[in-house]
1. Looking only at the stretch 93-100, decide whether some residue is among the polar types (S, T, N, Q) and at pLDDT 95 or above.
2. Given the conditions (1) in contact (Cβ under 8 Å) with a residue 24 or more places away in the chain; (2) within 16 Å of the ligand (Cβ to nearest atom); (3) touching a helix residue (DSSP H, G or I) at 6+ places or on another chain (Cβ under 8 Å), report the number of the one that residue 386 does not fulfil.
3. State yes or no: is residue 399 closer than 24 Å to residue 26 by Cβ, free of Cβ contacts under 8 Å to residues at least 40 places away in the same chain, away from the ligand (no atom under 16 Å from the Cβ) and surrounded by fewer than 20 Cβ atoms within 10 Å (Cβ to Cβ)?
4. Given (1) under 19 Å from residue 136 (Cα atoms); (2) aliphatic (A, V, I, L, M); (3) touching a residue at least 40 places away in the same chain (Cβ under 8 Å), identify the lone condition not met by residue 29.
5. Which members of the stretch 353-380 meet the condition of being among the aliphatic types (A, V, I, L, M), away from the ligand (no atom under 13 Å from the Cβ) and either touching a helix residue (DSSP H, G or I) at 6+ places or on another chain (Cβ under 6 Å) or over 13 Å from residue 326 (Cβ atoms) (or both)?
6. Kindly list the number of the only condition in (1) over 15 Å from the mean Cα position of the chain (by Cα); (2) closer than 21 Å to residue 352 by Cβ that fails for residue 201.
7. Could you give every pair whose Cβ atoms fall below 6 Å, whose first residue belongs to the stretch 372-383 and is charged (D, E, K, R), and whose second residue is assigned to a loop (DSSP other than H, G, I, E, B), counting only separations of at least 6 or pairs across chains?
8. Can you tell me how many residues within the stretch 336-352 are surrounded by fewer than 20 Cβ atoms within 10 Å (Cβ to Cβ), at negative phi and either away from the ligand (no atom under 16 Å from the Cβ) or acidic (Asp, Glu) (or both)?
Amino acid sequence: MPGKILVVNCGSSSIKYKLFDADLLTGVASGLLERIGSRPAVLKHEVRGIVSRSEVDVSNHRQGLELILRVLLDAEPKAIASLEEIVAVGHRVVHGGDSFFEATVVDEKVLEALRKWAYLAPLHNPPNIAGIEAARSLLPKVPQVAVFDTAFHQTMPETAYLYAIPYELYEKFGIRRYGFHGTSHRYVAHRAAEILGKPLEKLRMVTCHLGNGCSITAIKNGRSIDTSMGFTPLEGLVMGTRSGDIDPSIVFYLIGEGFSPREVEDILNKKSGLLGVSGVSNDIRDVEREAEAGSKRARLALDIFAYRAKKYIGAYTVVLGGLDILVFTGGIGENDPLIRRMICDNMSFLGLMIDEDANRVTVGRTGVISSRQSRVKVLVIPTDEELAIAEETRKHLLNH
Ligand code: ADP
């Protein structure tokens, strides 16, 4: 497929982008526009190893995307000679509700559905939609493909995605487990099968995406059958600032104690997790440093983090009827041997053993970290959500 694919990930005040060669899927240029709406906004742009940083005046996503296209055309070295080279734009969309099982070309009907699901992801979907609308008007002839964080998890059975609350709440408000980080879980699952030379359709896999947000997925024969994030990305594992699983009664108790619902939401999303327990930081490197220096709370934060992940691996191994492959990805999963060791400790009864040396040296790169005797293969695979979105975009265009 000739030309270039532009991948766009719009946050509330940022646009992350990467331009790929549509044929080879190699990166041509990338960048990040931050602080949209403040003065000044900041653009970091990279082409063939040459990085530039500029302060710019950008007040919305449309102006932001316009600027990015101009920079791709004009900044030296030039990433593209003309806008005609862009054959598709792939957009990351956080919430596709239960309308989308796969990536889809955006038309008015799709936009309508995205607006409908925006109430479930008020921080994420509105900027995603703004990005799509901007790209549609700036590149009107180019297909816009939406790639959803939730799509991969649409294969979960009802038993996994329904909560045991009145069924009418599911029917009326769509309250169910949706799951997130789907693009990443899907990508590393495919990569793991490829690396080991085994057919994805015959594997029982658990993938751990451990970054600022953390989630874990049970994948049977290449399909997500359960995942730890739920109705929102708050459920499940301990995260940088999010609590993960708690007893919902804590919410009502705190409200009874005088906290407003908004304050409780803020506590659980922004003041909990590694930060809340350690009192140090949401960044696991800081927490580890403090634990090393003797902080009991920092040690506790790491222990709770690893324990919760272990618990989910156990649950999913049972749900899968056994485990063939465990994958670590995300900033922590890719870079943190200590946490990987803590999570995998004492799992030899499952046939899972880590090779200490391989674990220690596999940092920020792909590698097998299980020992020779380990029946379960344990892999570290750096995730690449932009590449995965470019792949999905291309696949979708070739198939339709
Ligand atoms: P996001 O979920 O925002 O995409 P990342 O996947 O980049 O985040 O993960 C960010 C987290 O990864 C950081 O908060 C930090 O805890 C952890 N991390 C990043 N680099 C390292 C490293 N070299 N060693 C240990 N942890 C790291």
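1. Going through the stretch 93-100, the residues among the polar types (S, T, N, Q) turn out to be 99.
Filter once more, keeping what is at pLDDT 95 or above: none.
The answer is no, given that none of the residues of the stretch 93-100 is among the polar types (S, T, N, Q) and at pLDDT 95 or above.
2. (3)
3. Numbers: closer than 24 Å to residue 26 by Cβ: yes; free of Cβ contacts under 8 Å to residues at least 40 places away in the same chain: yes; away from the ligand (no atom under 16 Å from the Cβ): yes; surrounded by fewer than 20 Cβ atoms within 10 Å (Cβ to Cβ): yes.
Yes: the conditions hold for residue 399.
4. In the conditions (1) under 19 Å from residue 136 (Cα atoms); (2) aliphatic (A, V, I, L, M); (3) touching a residue at least 40 places away in the same chain (Cβ under 8 Å), residue 29 misses (1) alone.
5. Within the stretch 353-380, the first condition is being among the aliphatic types (A, V, I, L, M), and the residues that meet it are 353-354, 358, 361, 363, 368-369, 376, 378-380.
Pick out the ones that are also away from the ligand (no atom under 13 Å from the Cβ) and you get 353-354, 358, 361, 368-369, 376, 378-379.
Of everything in the stretch 353-380, those that are among the aliphatic types (A, V, I, L, M), away from the ligand (no atom under 13 Å from the Cβ) and either touching a helix residue (DSSP H, G or I) at 6+ places or on another chain (Cβ under 6 Å) or over 13 Å from residue 326 (Cβ atoms) (or both) turn out to be 354, 358, 361, 369, 379.
6. (2)
7. These pairs meet every condition: 375/351.
8. First pass over the stretch 336-352, keeping only residues surrounded by fewer than 20 Cβ atoms within 10 Å (Cβ to Cβ): 337-338, 341-342, 345-346, 348-351.
Filter again for at negative phi, leaving 337-338, 341-342, 345, 348-350.
If we keep only those that are either away from the ligand (no atom under 16 Å from the Cβ) or acidic (Asp, Glu) (or both) as well, we get 345, 348-350.
Looking only at that region, the number is 4.
The values are calculated or read from the model by the stated rules, or taken from the named source; none is laboratory data. Nothing here was measured: the structure is a model prediction, and the numbers come from that model. Virtual Cβ from ideal backbone geometry, glycine too; neighbours counted across all protein chains shown.
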